[in-house]
1. Any number yet on Rg/Rh for segment 45-84, C-alpha, Kirkwood?
2. Rounded to the nearest 20 debye, what is the charge dipole size of the chain about its Cα centre when +1 sits on each Lys and Arg Cβ and -1 on each Asp and Glu Cβ?
3. Of (i) 21.4, 79; (ii) 16.9, 53; (iii) 20.0, 73, which is the value of Rg and Dmax of the Cα atoms in Å derived from the coordinates here?
4. Given the rule -39500 (n - 2.57) for each run of at least 4 DSSP H residues, summed and divided by the residues of the chain, what is its mean residue ellipticity at 222 nm, to the nearest 500 deg cm²/dmol?
5. Where the centre of each part is set by its Cα atoms, how far does segment 127-157 sit from segment 28-58, in angstrom?
6. Take every Cα pair under 8 Å in the chain that's 6+ residues apart, average their separations, divide by the length, and report that relative contact order as a whole percent.
7. Considering only protein heavy atoms, what per residue accessible area in square angstrom results for the chain with a 1.4 angstrom probe?
8. What FRET efficiency, computed as 1/(1 + (r/R0)^6) with R0 = 22 Å and r the Cβ-Cβ distance, is obtained for residue 21 and residue 121, rounded to the nearest 0.05?
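The values are calculated or read from the model by the stated rules, or taken from the named source; none is laboratory data. These numbers were taken from a predicted model, which means no experiment stands behind them. Cβ: placed from backbone, ideal geometry, glycine included. Neighbour counts: every protein chain shown. Calculation scope for accessible area: heavy atoms of the full protein, side chains included, ligands and nucleic acids excluded. Shrake-Rupley method; radii C 1.70, N 1.55, O 1.52, S 1.80 Å.
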Amino acid sequence: MAQHAERQRHHILTVLVENKAGVLARVSGLFARRGFNIYSLAVAPTDDERFSRITIVVDVESTPLEQITKQLFKLINVVKITELAPTDAVERELMLTTVRAEPGTRGQVIELVQVFEGRIIDVGHDEMTVMLAGPPSKLDDFEELMRAYDIVELQRTGRVALPRLERRSPRLRSVG
């Protein structure tokens, strides 16, 4: 039920911007000045070095999406804005977390990491660092289970998203 409420409340914007110094500062400054709430933000270059893609998950309960996009379009370096409803997007996020994993519980932690298709990327005497990538809900579930083992540190990247691909197959023409 909480996930359904989140879907209604959050919306994803992918913003194609010119890959120039200060663009991210202008975008985040716009959100700060207008009091728009950013739930998640991720930025990276695209396959074309002239552009970067900013993925912003916004809280549409506090500010209408239309108002956010209108303000973004006013920024000079914004090239294109794509609005993605969570049901129309493929979303992924990366998590790194260090958890206590003493000899008595280490096997349980390793088993949970395997169930969630994560990877152990560093091991200490009483702690392990785990990497997990997937839909945000999967990371939420894993994080909740890891709390029982004492999370020492946790870092999440924020969401990245692309539109879902068309699934209809092309019509076949009869040869005659």
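1. That ratio equals 1.01.
2. 1120 debye
3. Here the calculated entry is (iii).
4. -8500 deg cm²/dmol
5. The distance from the Cα centre of segment 127-157 to that of segment 28-58 comes to 24 Å.
6. Reported as a whole number, the value is 25 percent.
7. On a per-residue basis, 65 Å².
8. The pair residue 21/residue 121 has a calculated efficiency of 0.10.
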